[in-house]
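Working notes, beginning with the structure itself.
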Number of protein chains: 2
Amino acid sequence: MAKITIGVDVGGTKIQTVAVVDSRVVGQARHPTPQTDAQGVMDEIVAAAREALGGAGGRAGDLRAIGIGTPGTVDAATGHVSNSSNVPGFMQEVPLGPTVSAAFNGVNVTVDNDVRVATMGEFRRGAGRPYRDLLGVFVGTGVGGGLILDGKLRRGRGSAGEIGHTVVRRGGRRCVCGMRGCLEAYAGRMSIEQVARRHAAAGTHTLLFKIMEAKGRDRVTSSVIADALDRGDELTQKLIGEAIDALGLAIANAQNLLDLEAVIVGGGLGDRLGQPFVQRIERATYPHLHVPDRPPAILPTELGDLSGAVGAAVVAGG
Amino acid sequence: MAKITIGVDVGGTKIQTVAVVDSRVVGQARHPTPQTDAQGVMDEIVAAAREALGGAGGRAGDLRAIGIGTPGTVDAATGHVSNSSNVPGFMQEVPLGPTVSAAFNGVNVTVDNDVRVATMGEFRRGAGRPYRDLLGVFVGTGVGGGLILDGKLRRGRGSAGEIGHTVVRRGGRRCVCGMRGCLEAYAGRMSIEQVARRHAAAGTHTLLFKIMEAKGRDRVTSSVIADALDRGDELTQKLIGEAIDALGLAIANAQNLLDLEAVIVGGGLGDRLGQPFVQRIERATYPHLHVPDRPPAILPTELGDLSGAVGAAVVAGG
């Protein structure tokens, strides 16, 4: 009997897959995302899914379903994705679900938004298990969010959960989305990098770009930021302090509106900076909580960078 | 057969009751809230309920249930209320439900928060009827909010919906709740009055207090504000402009998080300023909407100052 569910987390830099049996991860694979085109990315997704399946000792006949979390706009009915600027070729509409299904003899493929899927992963298999009402905040290149209310993923009309684009400062920093003052403009890794580059160009001393080069990177990755913090770099401390203040305000506002049980902080930067970062965010919510004696639990993820892939398997029923 | 449901909206200045049969309002009464003590207020609630019942041609035997919406913290199980600074005697715990029930031969009495009840009124019998996901924003002395998600009132752990205490400006105006920068500190009538008094004391020219005195009031009521706007008073225009900006930002943030279908703006000030006020709030959301091509409908109430009393009857099953 087919019993293995594959979960796939598609990102701009990596494709993470897991094989799940009886709610346990029994195989996994991680491939770099090809910087080519949509077909190249889909071929790599199939290869990474096969590797997880093989790692679980399974064959194609053991596969019951595949779940995929991807950035961009997802049409759940067709499994098509579009509007993703991070994944090569995914700006235009791409038949992701049908293509992956065809590669696995027509197996059921469920496609959903990457952040929602990661929220489901933490809700059902991670730090969110004790709760029925929670917000997932994923601090990475940008800032994504997912809401579980009364035990169910909140979709709204398709775009619920976008805490990264709630405004923390009217007329504030320009966000990549075009608005001003979004949480993402203060807490997203890409925005932090842009602001740091402007400061450095204006003569502010910082180790950030020296650390980046020493690591052989051309971007200020989460580990570059973590190292700069460890070495006491003042500019990085200032920018991360602003990120924490922005996260505290946005999370408190969500709390005042929704009275949640828990907030789970993950994403590339959130996972890398870990518990100390999460505790500082928690403290940054305090001045803005309307019911301060009953705050939400604010927790790091349990699944770390597997939140998305495990959540994708969950969404596919695995 | 008992078929009449009474709905009661308890406020700091008035007690509004309706009698509902087959979802229609068939009687109503409005009494000033006695500025005495809890017993005086409860006696007046009973009198206003009897008057609505009599207006509907009903006798005590025709009464199937009573619903009460009140400011403060409500224990739904016991029908007790506390922590209401607006209603005389309601700061301490008051056995509101049992007292009213005893006055009507033990009829079922449901007690809930006034703003939630008003949101339910608009959702089921007013401007919210076409929708399953909406936010009610009640701009009066303070700013209250109620959320209907997927057709159900969101309670959270008891304090969901507090859009009035989401922060629109970090470190901004001091709110009566003790926090800084809350929506209520910019859009609540009491806060607008306090800020106007400070401006006037500092020598800013304004007609606001002359209009107040000419109307024989000792507070800047909604109608005082409306008259000052009509007469082009600059200070009032400025303060209402700030209120609208704050409402636009807070509503847009709620929208970005929840992807609602509709936002209904009511309350004493909201109802008094009406459609032009609501349209300006709608425009003030635009710069902050993450999905600007699918905004929520932003609407005035349909039930006006009966939202609360009708909603109280709805909550009691009428």
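Throughout, read-outs are computed from the coordinates displayed, never taken from laboratory work. On a predicted model such as this, the values are computed, not experimentally measured, just so you know. Positions of Cβ are backbone-derived with ideal geometry, glycine not excepted, and every protein chain shown enters the neighbour counts.
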Around A:ASP37, what is the net charge, scoring Lys/Arg as +1 and Asp/Glu as -1 over all other residues with Cβ under 12 Å from its Cβ? -2
Using only the alpha carbons, work out the radius of gyration and Dmax of chain B in angstrom. 19.4, 64
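At most 14 other Cβ atoms within 10 Å and a DSSP loop assignment: could you name the trypsin sites (Lys or Arg not before Pro) in segment A:155-262 that fit?
On the way: sites: A:ARG155, A:ARG157, A:ARG169, A:ARG170, A:ARG173, A:ARG174, A:ARG180, A:ARG189, A:ARG197, A:ARG198, A:LYS210, A:LYS215, A:ARG217, A:ARG219, A:ARG231, A:LYS238; in loops: A:ARG155, A:ARG157, A:ARG169, A:ARG170, A:ARG173, A:LYS215, A:ARG217, A:ARG219, A:ARG231.
When the trypsin sites (Lys or Arg not before Pro) of segment A:155-262 are filtered for loop state and at most 14 Cβ neighbours within 10 Å, A:ARG157, A:LYS215, A:ARG217, A:ARG219, A:ARG231 remain.
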List the pairs from A:LYS210/A:LYS238; B:LYS210/B:LYS238; A:LYS152/B:LYS3 whose alpha-carbon separation is above 26 Å, in the order I gave them. A:LYS152/B:LYS3
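Using only DSSP helix segments of four residues or longer, with each worth -39500 (n - 2.57), what per-residue ellipticity at 222 nm results for chain B after dividing by its residue count and rounding to 500?
Details: 10 runs with 125 residues, N = 318.
Mean residue ellipticity, 222 nm, calculated: -12500 deg cm²/dmol.
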Once you put a point 7 Å from the Cα of B:ASP37 and another 7 Å from the Cα of A:HIS205, both along the Cβ direction, what distance in nm separates them? 7.1 nm
Can you give me the angle between helix B:267-285 and the longest principal axis of chain B, using Cα atoms only, in degrees from 0 to 90, rounded to the nearest 10? 50 degrees
What angle do you read, to the nearest 10 degrees and between 0 and 90, between the alpha-carbon axis of helix A:114-125 and the longest principal axis of chain A? 80 degrees
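What does the structure give for A:152-160 when I average, per residue, the other chain Cβ atoms found within 10 Å of the residue Cβ?
Going residue by residue through A:152-160 and averaging, the value is 5.
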Copy-to-copy label separations for B:SER82, where each label sits 7 Å from Cα toward Cβ, in nm and ascending: 5.6
Expressed in angstrom and rounded, the centroid-to-centroid distance over alpha carbons for segment B:1-66 and segment B:144-191 is 29 Å
Degrees, to the nearest 10: B:38-55 long Cα axis against longest axis of chain B: 70 degrees
In nm, spacing of pseudo-spin labels at A:VAL176 and A:ASN83 (7 Å Cα→C-beta vector): 1.5 nm
Listed peptides B:243-250, A:307-314 by packing density, highest first (mean Cβ within 10 Å): A:307-314, B:243-250
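Taking 0.36 nm per residue of separation and subtracting the Cα-Cα distance, what length does fully extending A:ALA47 through A:GLN92 add?
Values: separation 45, 0.36 × 45 = 16.20 nm, distance 2.24 nm.
My answer for the length gained is 14.0 nm.
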